[in-house]
Amino acid sequence: MGLPRKLTSNELYKRSDPESFDFETTGQIDNPPEIVGQSRAVESIRFAAGMEHEGYNLFVLGPPGTGKRHLVERFLKSESAGRNVPGDICYANNFTDASRPRLLLLPSGKGALLKQDIEEMVEEIATTLPAAFESEEYQSRIQAAQQEFKEQHENKLEELQARAQKQGFSMMQSPMGIVFAPMNEGEVLVQEEFRKLPVEDQKRLETAIEALQLELQSILRTVPRLERELRGRMRELHRELTDIAIGHLIEELRQKYSDFAPVTEFLDSVHKDLIQHARDLLQPPDPHGQPLPVPDGSPLGRRYGINVLVDNGSQDGAPVVNEDHPTYENLVGRVEHVSQMGTLVTDFTLIKAGALHRANGGYLILDVRRVLMQPYAWEGLKRVLKAGEIKIEPVAGFISMLSLDPEPVPIDVKVVLIGDPELYYLLCQYDPDFPSLFKVVADFDRIVDRDPETERLYAGLIAELARKHGLRPFDRGAMARIIEDSARRAEDSERLSGHIGHLSDLVRECDYWARMDGADKVRRDHVDTAIETRIRRVDLMRERMQEQVLRETVSIDTAGATVGQINGLAVLQLDSFSFGRPIRITARVRMGKGEVVDIEREVELSGPIHSKGVLILSSFLGSRYAFDRPLSLQASLVFEQSYSGIDGDSASSTELYALLSAISGVPIMQSFAVTGSVNQLGQVQAIGGANQKIEGFFDLCAARGLSGDQGVLIPESNVKHLMLRQDVVDAVKAGQFHVYAVRTIDEGIELLTGVESGAPDENGQYPADSINGKVAERLREMTALQRSFAAPAAAEPDSAEQSQ
């Protein structure tokens, strides 16, 4: 069948040529960097930004650290520069219903201007009106009205008194009010004299007094009407005087804002309200009260001022708002309250904008995980997008208090959610509103193609990072080394990592080591130092695990040969750091019913993918060696000295090699370690973490001393993923260590045992001295042995019948 291909040192690491860059250092790169390798995502962002129809909001997904937020912000800011600046959003008092403030939508910059104009007008009114009410003309007119009222009242009383005197009565003021008393020769009759009069005269006088008293009551009943007339005249006088004092001020504003109907309508209502309430508003405030803490605490300022919720006067284009704390109120706005004399009160000046208000007419960027973590925020956001307007209202279920119901704000905003792929697909599955609201997805890839153009863009990105953070420029060699490290992180020599966060950290750390070296630019050796020290900071566990093997606490052989024992390779992940470690896998066989027992699965330390790989081994053995007979085999597999869960099928080929060795009785050389999955056809398939696995076994062999016989078997399909450390490449180049690319199980077992695997002849028979021949023969022996045990048992019932 042939041996697997031995890889050359050039196949283990793809270098980047420093001469391919057209600069000496990144400091010479002046052009702003383009987006590296995310053309698909950029197309989606551009489409969503330009799509004007409802529901075409954007969900940006991808692994953390790919620079999604930075790219989206930069693109949207560039896109927004060419769009129209949205108008200002203002609220003003509603004089007919103060609980429903009126909305004023104005062109950008007009809101602040109107607010200033209103404040100046209010300030002028606050000066003009008191002066008008204190003027001599006003006072004289008030006095004239009051005098007229007084004269009308007094004239009627004088007329009544004259009539009373003609009838012989005197009208007098007593503690009981006005009374009438009979007169006799100019003198008031006292009670004793009155009683001496004849009864007829007494009755006549009493009847006359009662008539006068009724007439007096009639006169007194007209007093309230006269007072109302007086107050009405005074109100008319107040209104007339107010109109004269402020009419020209409001008219000036009407002329200034004549093109804006909502403003002129508001000014008309201000004019009307001022005429009705000016005198009351000018009363001095209660010294014991606590006025609302607004910019202008005067009654006039609170009543007629403008609350500019959003001022876009300084915008150069459409707004791009990034809300880092997307609570419900931070999104849709809120109405604040203040304590006044033990009571929570509010007015239109305490309406506060939310992120949706500020982003209206532009773009709103949100982290979807943060939105989902805030109570009511997700439902509030969806309600706004579906309704097409922002309605500020208290959260349902919260303690209610007297609040406002402002007019809703029509909204035109493009919402951009940024999150993990898992959240996107969960929302698609479980939220029926989500697909109709977020119809565009921008999917950021964690890896990008490695080609000269991408490397050039990478250099531009590093130049931008260096300028942004005030770092030293990077020379060609340092740039090439960063490209190589990026390919290593992508686990693919033909790809580069899209993790911008890691790249940014590495660039800063390289600058640190260049500074420690006193260099004016970052060189390749500084990048090497940054990468090595970064690993050293987190690889204590790797060292401890290797120490356990070197001290023989954990048993791993790197020399000799053993039947049914092989070195597998595993990868451990510790946050962002991963490393490979060898692990012994053993197989034992005996006669049975064709089962391969996964001990890890039996004790629930195995995941479903690993269990699937073990089941494939049973299928392979049965289809290759027991097509026409029962597979009379009972095999067991185990990861020795493994005390935690395992998963994945990357050890399935390794386990199959151990099984073939155990069945055939041919020992496996322990100087090799193996990784790779296998399918039912015996083909070795690609796995992950190839670089770390090779280096894990190399480190152990190097610590014990490289013999020149040691090596690792990897799938042929993983060769393109190799970006090995320099010490491994050097050892392979010197012939001290080897890496083999395996395509089939037959290739691998031949190298591991030193015995030819053997190909079947035209009758399907394998050479007797080959691995496959030995396996087939051993399985035939097991089948025959099992039949020999089963035959007597089958004959026993017949013997019993004959004896009867």
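The values are calculated or read from the model by the stated rules, or taken from the named source; none is laboratory data. Keep in mind that what you see is a predicted model, and the values were worked out from it rather than measured. Every residue, glycine as well, gets a Cβ built from its backbone with ideal geometry; the counts of neighbours run over all protein chains shown. To get the accessible areas, we keep the full protein, side chains included, count just its heavy atoms, and leave off ligands, DNA and RNA. Shrake-Rupley method; radii C 1.70, N 1.55, O 1.52, S 1.80 Å.
Points worth noting:
- Here the chain carries DSSP beta bridges of which approximately 60% are antiparallel, counting only pairs with both residues inside.
- Each of Leu785, Ser642, Gln191 was scored by the projection of its Cα onto the charge dipole of the chain, and the greatest displacement toward the positive side belongs to Leu785; charges sit on the C-beta of Lys, Arg, Asp and Glu.
- Coarse-grained scattering of region 327-429 at q = 0.15, 0.24 Å⁻¹, given as base-10 log I(q)/I(0) from a Debye sum over alpha-carbon atoms: -0.67, -1.35
- Dipole orientation for the chain: of the candidates Ile219, Thr8, Ala98, Thr8 has the Cα lying most toward the positive pole (charges on Cβ; Lys, Arg +1; Asp, Glu -1).
- Alpha carbon convex hull of region 443-493, volume per residue in cubic angstrom: 92 Å³
- Helix 377-387 and the long axis of the chain differ in direction by around 70°, with both axes built from C-alpha atoms.
- The GluC sites (Glu not before Pro) of region 140-180 include none that meets both conditions, a loop assignment by DSSP and at most 16 other Cβ atoms within 10 Å of the site Cβ.
- Of the peptides 626-634, 735-743, 422-430, the ranking by mean beta-carbon count within 10 Å, highest at the top, reads 735-743, 626-634, 422-430.
- Annotation for region 678-767: GluC sites (Glu not before Pro) lying in DSSP loop with at most 13 further Cβ atoms inside 10 Å of their Cβ are Glu762.
- For a paramagnetic label modelled on Asp420 (point 7 Å from Cα along Cα→Cβ), amide N atoms under 16 Å away belong, within region 432-450, to 444, 446.
- Centre-to-centre, using Cα atoms only, region 149-228 and region 1-77 are separated by 108 Å.
- Crossing angle, helix 476-490 versus the chain [Cα axis fit, 0-90 degrees, rounded to tens]: 90 degrees
- Per-residue HN-Hα couplings for region 355-369 [Karplus 6.51, -1.76, 1.60; θ = phi - 60°; Hz; x = Gly/Pro]: 4, 5, 5, 5, 8, 4, x, x, 10, 10, 9, 9, 7, 5, 5
- Relative packing of peptides 65-71, 353-359, 389-395 - highest average C-beta neighbours within 10 Å first: 353-359, 65-71, 389-395
- Antiparallel beta bridges, as assigned by DSSP with both residues in region 569-654, represent about 70 percent of the total such bridges.
- Asn679 versus Glu227: modelled label distance in nm, points set 7 Å from Cα along the beta carbon direction: 10.5 nm
- Segment Asn184..Glu120, full-extension length gain: 15.8 nm, with 0.36 nm per residue of separation and the alpha-carbon distance subtracted.
- In a simple Cβ point-charge model (Lys, Arg +1; Asp, Glu -1; nothing else charged), the chain has a dipole of about 1380 debye relative to its Cα centre.
- Here the chain exposes an accessible surface that is 50 percent carbon and sulfur, computed with a 1.4 Å probe and the other protein chains kept in place.
- Estimated FRET transfer efficiency when R0 is 35 angstrom, pair Glu134-Leu157 (beta carbons, to 0.05): 0.60
- With Cα atoms, 0 to 90° folded angle of helix 39-50 axis to the chain main axis: 20 degrees
- When Rg and the Kirkwood Rh are both derived from Cα coordinates, the Rg/Rh ratio for region 530-678 amounts to 1.03.
- Estimated from the Cβ-Cβ distance and a Förster radius of 35 angstrom, the FRET efficiency linking Arg467 and Gln573 is about 0.55.
- Over the chain: helical MRE at 222 nm, DSSP H runs n ≥ 4 each giving -39500 (n - 2.57), nearest 500: -15500 deg cm²/dmol
- Length gained on full extension, Ser258 to Glu640, computed as 0.36 nm times the residue gap minus the Cα-Cα distance: 128.7 nm.
- Extended-chain gain in nm, criterion 0.36 nm per residue less alpha-carbon gap, Asp97 and Asp528: 148.0 nm
- Highest average packing first - 6-15, 204-213, Cβ atoms within 10 Å: 6-15, 204-213
- Working from label points 7 Å from Cα in the Cα-to-Cβ sense, the Lys203 to Asp324 distance is 10.3 nm.
- In region 594-735, the DSSP beta bridges split such that about 20 percent are antiparallel, to the nearest 5.
- In this structure, Arg46 and Thr8 have a Cβ-Cβ separation that, at R0 = 41 Å, corresponds to a calculated FRET efficiency of about 0.40.
- Value of relative contact order over the chain, rounded to a whole percent, pairs C-alpha under 8 Å and six or more apart: 17 percent
- Note on the chain: Kirkwood radius taken over Cα pairs, Stokes-Einstein applied at 4 °C and 1.567 mPa s, translational D equal to 36 µm² s⁻¹.
- Expected-Rg normalisation [2.2 N^0.38 Å, Cα atoms] applied to region 40-168: 2.48
- Taking the centroid of alpha carbons for each part, region 309-377 and region 738-794 are 74 Å apart.
- Largest to smallest accessible area among Asp367, Asp730 [probe 1.4 Å]: Asp730, Asp367
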